[in-house]
Amino acid sequence: MSSQYPTTWRRPPQVLTDRRWRIALQVGLLIYLVLAFGSIDVNWQRVSEGLERGQRFVMGFLQPDFMSRWRDISQGLIESLTMTLTSSVVGVMISVPIGIGAARNLVPRPVYLVCRSIVAVSRSLQEVIVAIFLVAMFGFGPFAGFLTLTFATIGFIAKLLADDIEEIDETQAEAIRATGASWFQLLNYAIQPQVMPRLVGLSLYRLDINFRESAVIGIVGAGGIGATLNTAIDRYEYDSAGAILLIVIAIVMVAEYSSSYLRKFLQ
Amino acid sequence: MSNSSTIPAEWSHRSRVTRLAIWAGWLALVALFVWCWQVMTETTIWAFVWDAPRQAGDIGGRMLPPEWSYLPELMQPLWDTLNIATLGTVGGVVLAVPVSLLAARNTTPSVVVLRPVALFIIVASRSINSLIWALLLVTIIGPGLLAGIIAIALRSIGFVGKLLYEAIEETDPKQIEAIRATGAGPAQVLTYGVVPQVMPALWGISVFRWDINIRESTILGLVGAGGIGLKLNASMAVLAWDQVTVILLLILATVVVSEWISAVIRRAII
């Protein structure tokens, strides 16, 4: 009898309790993986040619060259940073009324639906795709990037602000309402004190995201450090590209730590 | 009675000094904004900006009606896009697990040497967008799906690694203590103490990241890394805006479906 007992313990399955379903799922996964790996078409000769370039890139990363393209890099950085700040400020300014309009407990149903659809459109379109269109309309340069980031900021801040307003403590709003306050007074004395710390935190977080995104949308022509990086890679100047990437990583790290510090300080 | 003169007649939320400080802070922000705006728009050609509504109308007119006959041609790139996202996620998770074990304070073998290295890997991967990784990889290993998959995987390491190491740090030490008390070795503590606790989090994070990766992989083709973005780039290069409409709608549909799938799976797991 004792030989019947297993010597090691195994956790019984939790989600799919039927053995047949588990086997079907595993076989399906296996078939998918075979098909998916079959669809990768790798030109190994090209890869081996490129490995030398990869090595140069790693070398460029280890010995970055900040100096020889410093004018282009600083120009790109200034564009990126100014673009980040202006788009965050304008984006937050626009998204506050939209966020209030998208809160179910504050506005009538038609306003709610309009504001929520603005948020949905802004969130579902990707920055890069928006940037392509805006570059086509407004011409190359940081202005198109500014508009792209503003557009993306609206969806992000307005959604989180609206969700926040919907989750406020209703008793405080009720108390203000009981004093006979108008809608604007309600907003000012009941809603604003409750959501303000979080709104500041979200804006700082978005500032951080906007800087990261500004490095990407430059690739499609919207100015900033991304354009400089794209040029450096196109010229095969990996040491300059490595320098730009290191600067981006450093700024993101600084922004992340200081924004999390500021948020802790404000809350 | 003597200190009644120091009590202000009217109640206010903040003292005078904090009010002044807050006011100065806002003033500084406005000044900074105006300065940044001037620096940014120095090189802007305003003629193009004022011309934008006309351009928008022009492009909008060309985008409609969508050329639906182009849709069957997009199925192969769409399959490629799904593969980039899925295989990239798998690769990213496989690479992220050891990194997060090194980064978590309670599982790392050395706090002084290995933990900072792992944290740097996580930050570096998080701060460089997958499009930039793809741009680099396309010049290194050539255009195609492989560059896209590796780009997605490298980008996913940071995201999965960060969330996973936080989950590992939040594990219940009592359970690990109990396993250790049975005389288990480090590997056994990991498999019986840590892994069962973080497994649901790992699945949730992976599915969440897969959903984001579907979004990101649709545009990787713009720099040559395969998938539906390649078609988008080609259609825009020949100014076939009616095809662009079809591609954008297909991308939108894919994103919505993937978001729905990930929401369903996460609800089932958590």
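What follows is calculated from the coordinates using simple rules that are stated; it is not laboratory data. Note that the coordinates shown come from a computational prediction; the quantities given were computed from them, not determined experimentally. As a convention, Cβ positions derive from the backbone with ideal geometry for all residues, glycine included, and neighbour counts pool all protein chains shown.
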- prompt: Once you put a point 7 Å from the Cα of B:I59 and another 7 Å from the Cα of B:L190, both along the Cβ direction, what distance in nm separates them?
  reply: 5.0 nm
message: Which one, A:N105, B:L74, B:T108, projects farthest toward the positive side of the charge dipole computed for the protein assembly as shown from Cβ point charges (K/R +1, D/E -1)?
response: B:T108
field: Calculated SAXS-style log₁₀ I(q)/I(0) at q = 0.05, 0.07, 0.08, 0.09 Å⁻¹ - the protein assembly as shown, Debye, Cα scatterers
entry: -0.25, -0.49, -0.63, -0.79
Per-residue Cβ neighbour rank within 10 angstrom, fewest leading, B:L87, B:L20: B:L20, B:L87
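On a full-extension model of 0.36 nm per residue, what is the gain between B:L71 and B:R105, subtracting their alpha-carbon distance, rounded to one decimal in nm?
On the way: separation 34, 0.36 × 34 = 12.24 nm, distance 5.05 nm.
Extra length from B:L71 to B:R105 when fully extended: 7.2 nm.
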message: Sort B:101-108, B:79-86 by packing, meaning the average of other beta carbons within 10 Å per residue, with the highest value first.
response: B:79-86, B:101-108
field: Simple Cβ-charge dipole of region A:66-266, Lys/Arg +1 and Asp/Glu -1, about Cα centre, in debye nearest 20
entry: 240 debye
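If I take every Cα pair under 8 Å that is 6 or more residues apart in region A:1-159, average their sequence separation and divide by the length, what percent do I get for the relative contact order?
Numbers: 90 pairs, mean separation 38.9, N = 159.
Relative contact order for region A:1-159 comes out at 24 percent.
What value, in deg cm²/dmol to 500, does the helix sum -39500 (n - 2.57) over DSSP H runs of n ≥ 4 give at 222 nm once divided by the residues of chain A?
Using -39500 (n - 2.57) per qualifying helix, the result is -26000 deg cm²/dmol.
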- prompt: Taking 0.36 nm per intervening residue step and subtracting the Cα-Cα distance, what contour gain separates A:R46 from A:R10 on full extension?
  reply: 8.3 nm
- prompt: Looking only at other chains, what is the average number of their beta-carbon atoms within 10 angstrom of each beta-carbon in A:46-55?
  reply: 4
field: Dipole of region B:73-269, positive end: most advanced residue of B:G227, B:A118, B:N83 [Cβ charges, Cα centre]
entry: B:A118
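For B:R266 and B:L252, compute 0.36 nm times the residue count separating them, minus their Cα-Cα distance, and round to one decimal in nm.
Gain on stretching B:R266 to B:L252: 2.9 nm.
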task: Find the centroid of the Cα atoms in region B:39-92 and in region B:190-217, then give the distance between the two in whole Å.
output: 31 Å
- prompt: Hey, in the GNM for chain A with a 10 angstrom Cα cutoff, which one of A:I217, A:I31, A:I225 fluctuates hardest?
  reply: A:I31
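When ranked by the protection proxy of mean other Cβ atoms within 10 Å per residue, highest first, what sequence do the peptides B:88-97, A:43-52 form?
On the way: B:88-97: 21.5, A:43-52: 12.7.
Top to bottom by mean Cβ count within 10 Å: B:88-97, A:43-52.
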statement: On the formula 1/(1 + (r/R0)^6), with r taken between the Cβ atoms of B:A237 and A:Y32 and R0 of 30 Å, the FRET efficiency rounded to 0.05 is 0.40
Debye log10 I(q)/I(0) for chain A, one point scatterer per Cα, at q = 0.07, 0.09, 0.17 Å⁻¹: -0.44, -0.67, -1.19
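For peptide A:29-39, what's the mean number of Cβ atoms from other chains within 10 Å of each residue's Cβ? Could you put the intermediate results ahead of the total?
Numbers: counts 0, 0, 0, 4, 4, 0, 2, 10, 2, 1, 9.
Average neighbour count from other chains, rounded to a whole number: 3.
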task: Before anything else, pin down the relative contact order of chain B: Cα pairs under 8 Å, at least 6 apart, normalised by residue count, whole percent.
output: 24 percent
query: Is the shape of region A:164-267 rounded, prolate or oblate, going by the alpha carbon gyration tensor and its root eigenvalues a ≥ b ≥ c, with a/c under 1.5 for rounded and a/b larger than b/c for prolate?
result: prolate
field: Förster radius 41 Å - calculated FRET efficiency between A:I23 and A:S124, Cβ distance, rounded to 0.05
entry: 0.65
Prolate/oblate/rounded label for region B:73-269 (Cα gyration tensor, a/c 1.5): prolate
Label-point gap, in nm, between A:E174 and B:I22 - each point 7 angstrom along Cα→Cβ: 2.7 nm
task: Please get the size of the charge dipole for chain B, origin at its Cα centre, with Cβ charges of +1 on Lys and Arg and -1 on Asp and Glu, quoted in debye to the nearest 20.
output: 720 debye
query: Are there GluC sites (Glu not before Pro) in region A:162-267 that DSSP marks as loop and that have at most 14 other Cβ atoms within 10 Å, and which are they?
result: A:E167
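Taking the Cα centre as origin and putting +1 on Lys and Arg beta-carbons and -1 on Asp and Glu beta-carbons, what dipole magnitude results for the protein assembly as shown, to the nearest 20 debye?
1060 debye
For peptide B:136-148, what's the mean number of Cβ atoms from other chains within 10 Å of each residue's Cβ?
Mean partner shielding for this stretch: 6.
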task: Over chain A, calculate the relative contact order: mean separation of alpha carbon pairs under 8 Å at least 6 apart, over the residue count, as a percent.
output: 27 percent
- prompt: Quick one: A:F184, B:F120, fewest Cβ neighbours within 10 Å first, how do they rank?
  reply: A:F184, B:F120
statement: For region B:3-153, shape from the Cα gyration tensor axes a ≥ b ≥ c, cut at a/c of 1.5 then a/b versus b/c, turns out oblate
field: Hz values of 3J(HN,Hα) by residue in region A:191-207 - Karplus curve (6.51, -1.76, 1.60), Gly and Pro given as x
entry: 8, 4, x, 7, 9, 4, x, 6, 5, 4, x, 5, 5, 5, 5, 5, 4
field: Among A:A175, B:L20, A:L245 the positive-end extreme of the charge dipole of the protein assembly as shown (Cβ point charges)
entry: A:A175
message: Testing the spin-label approximation: label points 7 Å from Cα along Cα→Cβ at B:E177 and A:F265. State their distance in nm.
response: 3.8 nm
